[in-house]
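Everything on this sheet refers to the single structure shown next.
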Amino acid sequence: MSDTKEMKNERERSYEYGLPDYLEHDLKEFKKAIETHSSLIDCWWGELYGSINMAEISDGLITHEQAEYLRRKYLWNQIRD
């Protein structure tokens, strides 16, 4: 793997740390809903979507790049670990 790709991967992994408490909570609950095949997964999807938007747009606590990463990985399922 090239240094550039490694640096990008490391930067993207860092996007999941230092999140506001409410976003951290909703992300944790969404992951738990996926793992347990919860019937409420659509509710947690909506909560996570709203929390990402709130943290980026309303509160300015995460960057646009960070919000896009979280959306792509968790909401649109476009990034695999």
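Each value in this text was obtained by applying a stated rule to the coordinates, not by laboratory testing. Keep in mind it's a predicted model, so treat the numbers as computed, not measured. Please note: Cβ atoms are built from the backbone with ideal geometry, for glycine as well, and neighbour counts cover all protein chains shown.
Couple of notes before you dig in:
- A Förster distance of 35 Å, applied to the separation of the beta-carbon atoms of ASP42 and LYS8, puts the FRET efficiency at 0.65.
- Helix 21-35 axis, angle to the chain major axis (alpha carbon atoms, nearest 10°): 80 degrees
- Principal-axis analysis of the Cα atoms of the chain puts helix 41-53 at an angle of about 50° to the longest axis.
- Packing rank of 44-53, 4-13, 57-66, where each peptide gets the mean count of other beta carbons within 10 Å, highest leading: 44-53, 57-66, 4-13
- Label separation (ILE34 vs GLN78): 1.5 nm, computed from points 7 Å beyond Cα along the C-beta direction.
- Within the chain, helix-based [θ] at 222 nm, where runs of 4 or more DSSP H residues each add -39,500 (n - 2.57), nearest 500: -18000 deg cm²/dmol
- In a reduced charge model with +1 at each Lys and Arg Cβ and -1 at each Asp and Glu Cβ, the chain shows a dipole moment near 280 debye about its Cα centre.
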